[in-house]
Amino acid sequence: HEMSGIGDWMDRNVKVKIIKGRDLPICDAKKSDPYCKLKLVGQSKVTSVMRSNLNPVWNENFKFKVKGGGHKKVLEVHLYDQDLLPADFNDDGDDYIGGFEICLDDEVPLDQPVRKWYRLQGGDLKEIKGKKQEQNGKVELEVSWSIAAPKSIANVNNNSSFASRRNFASI
C-alpha cells in the first residue's frame, strides 16, 4: 500500500473485534470451551470463554495503544480451550487450539478496517473415536488502526480554544 510506512514512527490506536469462530475442534469429550488471547507489542487482552461451543460468537471489541517505532506491529491471536479441572489434576493447563498472526504494517491499510476469516494453525488436535481431527477451525475478526493525535497538538488545541473562550467572555 502507499500508506504502509506512515505509521512506523507515529503512535497508533488499534481496534480489534473478535467476531466468531467456526468449526473449532473438540477438545473435551464432545465439546470445547474456547477463548481468545490477543497480543500486540507487549499488551495482551482476553475474550470471555464460550462454554460447550464449536462455533462461538464473541462480538467483543478491544483497543490497543501502540507507540511508534521501527519495529513491525504484529497482532498475535491464539485460541485456547479452557479446562475445567483444577490445576492439581491438569498439569498441562488449557489446551491450545491454534493461532495466527497479522502484520498490521502489511495487511491493514490506515483507516480502512479489514474483516476476514483466518485459519488457525499449530494447535494440538485430539483424536476423536480413534480418528485424528483434520482441522483447527477458523476465526473471523476485524482489525483497524489509525494515527493517534500527538499529545502536544491536542494540548495546543485545548488551550487555544479555552483561551479564545476566555477572551470572548471578557469583551
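What follows draws every value from the coordinates through simple rules; no lab data is involved. In this text the structure is predicted, and so the values were computed from the model without any measurement. Using ideal geometry, Cβ is built from the backbone for each residue, glycine included, and neighbour counts are taken over all protein chains shown.
Of note:
- Protection proxy ranking, peptides 56-69, 30-43, average beta carbon neighbours within 10 Å, highest first: 30-43, 56-69
- The HN-Hα couplings worked out from phi for the stretch 104-111 by the Karplus form 6.51 cos²θ - 1.76 cosθ + 1.60 (θ = phi - 60°) are 4, 4, 9, 10, 10, x, 3, 6 Hz, whole numbers, x standing for Gly and Pro.
- Residues with amide H under 5 Å from that of GLY123, placed H, sequence gap 5 or more: GLY99
- Amide N of the stretch 102-123 lying under 13 Å from the label point, which is placed 7 angstrom from the Cα of LYS39 along Cα→Cβ: 102
- Per-peptide average of other Cβ atoms within 10 Å, ordering 114-121, 101-108 highest first: 101-108, 114-121
- Amide H contacts of ASP11: GLY68, ALA148, each under 5 Å away and 5 or more positions distant or on a separate chain (H built 1.01 Å from N in the peptide plane; Pro and chain starts excluded).
- Flagged links, alpha-carbon separation over 18 Å, of LYS67/LYS138; LYS15/LYS138; LYS17/LYS72; LYS15/LYS37: LYS67/LYS138; LYS15/LYS138; LYS17/LYS72
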